[in-house]
Amino acid sequence: MLNTINASLTDLLGPFGPLIAVGFLGLVMILMTLPMLLKKTQDPLDKLRVASQTSAAAPKGDRLRQSQGKDKLEKFSNFLEPSDEAEYSAIRLRLLQAGYRTKNAVRIFHFLQFALGVGFLLIGVAYAIYNSTTGEPTTQSTILSIIIPGAIGYMLPKYWVTKRLETRKQAITNGFPDSLDMMLVCVEAGQSLDQSIIRVSRELRSGFPDLADEFEIVSHEMKAGKDKTAVLRDMAERCGVTDVSSFVTVLIQSQQFGTSIAEALRVYAAEMRDKRVMRAEEKANTLPTKMTLATMMLTVPPLLIILIGPSIYEIYLTLGGGAQEATNLDN
């Protein structure tokens, strides 16, 4: 096994390949040992004093990033979290819209990108070494076999979050008209808007859990004393759905101008039902085109084989028989 590894390193890196590999391994071990040697134990009182001073002097955005429990990734926060506040807010909002509400979600997201990127990169290196031992790959194929897995591993968390975000938006869009109808019934029955939101969040839990979570968060924030307008705007921002944003605007305007909330809900619920019917009709209208393409691809080739196949076979036999007779006459 050692001879095989030695031969593969020699073929890959030249005659000094084993020495280069040993030197690289020693450098990695030194870099892994240095943090342990340079780490100093800190007095708990000094640590508590520094933490309190940092928390008091830090801006509001930095204080929100501080974790409340034990987080093993906290000491790598400067490496795993963006230093730009706008970039951090954009990633945080995207994760909120995907349903990840924990304070360390941004940190975990970047850690997964880093870990999967490095892991898939090591898999690509192992595959390149194995391929070099079994054959003679080109330099381009070796580089691609190393870089492509690393890029896939790095982009995999972003693809997962995007897929989860689109699925959640679709679920909220599908369940929103039903929630408006239920809220309208509760308001017309004499309940306040806060009570109707709590009841809707309970009733929608089985069918549309994502939308139920949003209404539950709204009810908790209202109970905590947060301004109703800010609560509704935060809900629209977390959902990222146009229908919810329009609904929040309707409620805010109804509250500011003193109009009836029940009337606003009735009009908007009817509009949402019409939009749902229009979306269903749009999908139904695109169905014949999709079926036509599928029918042509799956029906026409077998039909041509059935209709033309016997004729082609007869022509082939006729031409083959004529060629055989010509050969016999020549003989």
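Things worth noting here:
- Most positive-pole-ward Cα, ALA212, MET222, GLY190, against dipole of the stretch 169-257 from beta carbon charges: MET222
- ARG164 accessible area, 1.4 Å probe, all protein chains in place, Å² to nearest 10: 70
- For TYR100, the solvent-accessible surface computed with a 1.4 Å probe is close to 80 Å², ligands and nucleic acids excluded.
- The residues of the stretch 113-171 expose on average 66 square angstrom of accessible surface per residue, using a 1.4 Å probe on protein heavy atoms.
- Projecting the Cα atoms of PHE247, PRO310, ILE261 onto the charge dipole of the stretch 212-331 (Cβ charges, centred on the Cα centre) puts ILE261 farthest toward the positive pole.
- Taken per residue, the accessible surface of the stretch 238-314 reaches 70 Å², heavy atoms only and a 1.4 Å probe.
- Accessible area (Å², 1.4 Å probe, nearest 10) - VAL118: 60
- Per-peptide packing, taken as the mean over residues of other Cβ atoms within 10 Å, places 302-308, 170-176 in the sequence 170-176, 302-308 from highest down.
- Cross-link check: pairs LYS103/LYS275; LYS169/LYS223; LYS158/LYS226; LYS103/LYS226; LYS223/LYS283 evaluated at a Cα-Cα cut-off of 30 Å; pairs beyond the cut-off: LYS103/LYS275; LYS158/LYS226; LYS223/LYS283.
The values are calculated or read from the model by the stated rules, or taken from the named source; none is laboratory data. As the structure is a prediction and not an experimental result, all values here were calculated from the model. Don't worry about glycine lacking a Cβ; one is built from the backbone with ideal geometry, like all the others, and counts go over all protein chains shown. The protein model used for the area step is the full one, side chains on, heavy atoms only, and it has no ligands, DNA or RNA in it. Shrake-Rupley method; radii C 1.70, N 1.55, O 1.52, S 1.80 Å.
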